[in-house]
Amino acid sequence: MLPGFVEWPGDLAARYRERGYWRGRTLGASLRAWAKERPDAEAVVDGNRRWTYAELDAHADRSAAGLHGIGLARGDRVLVQLPNVGEFLPLCFALFRLGAVPVLALPAHRETELVHLARLSGAAAYVIADTHLGFDYRALARTVRAQAPGLRHVVVVGEAEEFTALSELDGGEAGLDLPEPDPADVALLLLSGGTTGLPKLIPRTHDDYAYNARASSEVAGLSAGSRYLVVLPIAHNFPLACPGAFGTLHAGGTVVFCPTPSPEDAFARIERERITVTALVPPLALLWLEAAEWTADDLSSLELLQVGGSRLKAEAAARVRPVLGCRLQQVYGMAEGLLNFTRLDDPEELVLDTQGRPLAEDDEVRLVDGDDIEVAPGEVGELQVRGPYTLRGYYRAEEHNRGAFTADGFYRSGDLVRRLPSGHLVVEGRVKDVINRGGEKVPVEEVENLVLGHPSVHDVAIVGLPDEALGERSCAFVIARGTPPTRAELTGYLTDLGLAAFKLPDRIEVLDVFPRTGLGKVDKRALAALVSR
Ligand code: OOB
């Protein structure tokens, strides 16, 4: 097993196998089986490029051979930072077949995150696109490599400059006979939304992630006729496997990549590719609902819209069917594992007003108070969970894990949740300090620490403020040292440090002192109230 991976205890692992959650098949072998079943069916579409299942399978083999050729081997970690491009899939399956472990960074991440991820994962290689939406990832790779010398290779989709082109690695023979990785071992590392400081790494095994994709595919009603549009960044758990790309391939359907989430790009593809299903975060769903009112594009092929990542308001939920002409499925999930879905046959009020119920019968969900005691039925409590696809520990984070899990192995989600008699959950808030900016998670402590480095900042407290479009927006309350910094100065400073744009404070307020709680902690509630007044 990958050193640093926290395994499930033996009795639970045995139960998950016995009950058919874990089937002992790697993700690489799954693709082999799908390709055997339907070699000529369309698997992947990116613009005018199309791969059948057989082509995807062969492409993954060639990439595996090429990556093996530059010295990548079982257990190596590979930092992957790609936008929504078709190459993402053959690359991932190539790594799965090698037993190398992709670490899935988001395209929005910059120097701060990438250096941290490269060092924490000990990655041997870094895969990027040449440019995307005007940003040159090769320049980023140069900076990252200078600070993370463990990165032996930079592999580029597109124009490689001094680095290695992925197409060059793909060009060889596929006839490599690789030993099959252990299905119980780590297949990939996902990024946490971030609670304290920089992102943590979430190990997902072949067994658990295959279940995640398969069961999600069933609960979303996917079939061989399904055509899934990848709108959210493919590195995120939701479009990757809930059911996303992997769940669509499991069902025998077609995965279509969309380069940006704009209604223009997406609607054109929905019409042209007869898209049946996609997944959005609430702010995008709102944008699509607006745009759909006037679009000339034909969206009639859409059957299902999944929305998750942050709380969808009931009023917006109610507009999905009348405006987009498709069903809504709310999804409350986390990269750490647990997924909740509203079911396709749920009564309307549950679909509109709840965030769904757990995917697996063996998802053990409990709602607790501050002393870890279960709250009374119907009361709000912090959600704790353990189950067949929920992690037992972050990768290489022994100390953090002591606080993030209970003694009996439940993950403390930090979400405040209420349970209805039907088992459906309603997300009411959070106990952890994260701003949920329309599904993008801003780890407050990380940003505060960086802001504190600015010469004109004496102290800072970052708070989420309610926002009509995004749900929450970030406001940095600053106590200045000398002349207070403007927002432009501060965001310029943070951008130069290499911070992702979505983490930049949306607003700056300068104060002389912070309100404090009885314990002397900065009173963030009072800060938020200052602005709303
Ligand atoms: C998804 O995953 P992450 O890891 O980016 O974020 C997880 C956190 C949850 O703990 C919760 O705080 C929030 O995002 N969240 C929601 C929500 N879905 C996620 N809060 C309210 N309502 C919802 N529907 O965001 C994610 C992963 C897989 C599928 C869907 C979303």
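Since every read-out is calculated from the coordinates, none of them should be taken as a lab result. Nothing here was measured: the structure is a model prediction, and the numbers come from that model. Using ideal geometry, Cβ is built from the backbone for each residue, glycine included, and neighbour counts are taken over all protein chains shown.
For Ala213, neighbours were defined as the other residues whose beta-carbon sits under 15 Å from its Cβ, and their charges (Lys and Arg +1, Asp and Glu -1) total +1. Model label sites at Val426 and Glu468, defined 7 Å from Cα along the beta-carbon direction, differ in position by 2.5 nm. Here the scattering of the chain is modelled by Debye summation over its C-alpha atoms, one equal scatterer each and no solvent; at q = 0.10, 0.13 Å⁻¹ the log10 of I(q)/I(0) is -0.81, -1.43. Neighbour counts of C-beta atoms inside 10 Å place Leu198, Leu420, Leu304, Leu470 in the sequence Leu420, Leu198, Leu304, Leu470, starting with the fewest. For region 141-227, the set of GluC sites (Glu not before Pro) satisfying both a DSSP loop assignment and a count of at most 16 other C-beta atoms within 10 Å is given as Glu159, Glu161, Glu162, Glu173.
Mean sequence separation of contacting Cα pairs (under 8 Å, at least six apart), scaled by the length of the chain, corresponds to a relative contact order of 12 percent.
Fewest neighbouring Cβ atoms within 10 Å first, the residues Cys242, Cys258, Cys326 line up as Cys326, Cys258, Cys242.
Using the Cβ-Cβ distance between Ala73 and Ser532 with R0 set to 56 Å, the FRET efficiency works out to roughly 0.55. Using alpha carbon centroids, what distance separates region 336-382 and region 121-169, in Å? For region 336-382 versus region 121-169, the Cα centre distance is 41 Å. Among 479-487, 422-430, 74-82, the peptide with the highest mean count of other Cβ atoms within 10 Å heads the list, and the full ranking is 74-82, 422-430, 479-487. Only Cα pairs under 8 Å and 6+ residues apart enter the sum, and on that basis the relative contact order of region 72-200 stands at 28 percent. For the pair Glu349 and Ala54, the difference between a 0.36 nm per residue extended length and the Cα-Cα distance amounts to 101.9 nm. Once the C-beta distance of Glu361 and Ser456 is scaled by a Förster radius of 45 Å, the resulting FRET efficiency is 0.20 to the nearest 0.05.
Summary of the geometry: region 417-447 and region 467-533, compared by the centres of their Cα atoms, lie 20 Å apart. R0 = 56 Å: FRET efficiency of Glu374 with Ala480, Cβ-based, nearest 0.05? The computed FRET efficiency comes out at 0.75.
Across region 200-259, the mean sequence separation of Cα contacts (distance under 8 Å, 6 or more residues apart), normalised by length, yields a relative contact order of 40 percent.
Extending 7 Å from the Cα toward the beta-carbon at both Arg19 and Arg119 defines two label points whose distance is 4.1 nm.
Counting Lys and Arg as +1 and Asp and Glu as -1, each charge on the Cβ, what is the dipole of region 359-518 about the Cα centre in debye, to the nearest 20?
Dipole about the Cα centre, nearest 20: 340 debye.
Distances between placed amide hydrogens fall under 5 Å for Arg430 paired with Leu416, all partners being 5 or more residues away or on another chain. Using the Cα centre of region 1-157 as origin and beta-carbon charges of +1 (Lys, Arg) and -1 (Asp, Glu), tell me which of Val155, Leu95, Ala60 is placed farthest towards the positive end of the dipole. Checking the options against the dipole of region 1-157, the answer is Leu95. Within the shell defined by Cβ-Cβ distances under 10 Å, the residues around Val426 carry a net charge of +1, with Lys and Arg each +1 and Asp and Glu each -1. Taking Cβ atoms as reference points and 13 Å as the exclusive limit, the residues near Pro243 contribute a net charge of +1, counting Lys and Arg as +1 and Asp and Glu as -1. Put a dot 7 Å past the Cα of Lys313, heading toward its Cβ, do the same for Ala146, and the two dots end up 4.6 nm apart. The Rg/Rh ratio of region 480-531, with both radii computed over alpha carbons and Rh defined as the Kirkwood radius, is 1.04. Beta bridges assigned by DSSP with both partners in the chain are antiparallel in approximately 55 percent of cases. Listed by chain and number, the lysines placed with their C-alpha closer than 30 angstrom to that of Lys503 are Lys200, Lys313, Lys432, Lys441, Lys521, Lys524; residues fewer than eight positions away on the same chain are left out.
Stokes-Einstein diffusion for region 1-55 at 25 °C, viscosity 0.890 mPa s, with a Kirkwood radius from C-alpha pairs, works out to 174 µm²/s.
Among the GluC sites (Glu not before Pro) within region 287-395, which fall in a DSSP loop and have no more than 12 other Cβ atoms within 10 Å of their own Cβ?
Listed in order of number, the matching sites are Glu293, Glu361, Glu379.
Quick check on region 306-366: what are the equivalent-ellipsoid semi-axes from the Cα gyration tensor, as sqrt(5λ), descending, whole Å?
Rounded to whole Å, the semi-axes are 22, 12, 9.
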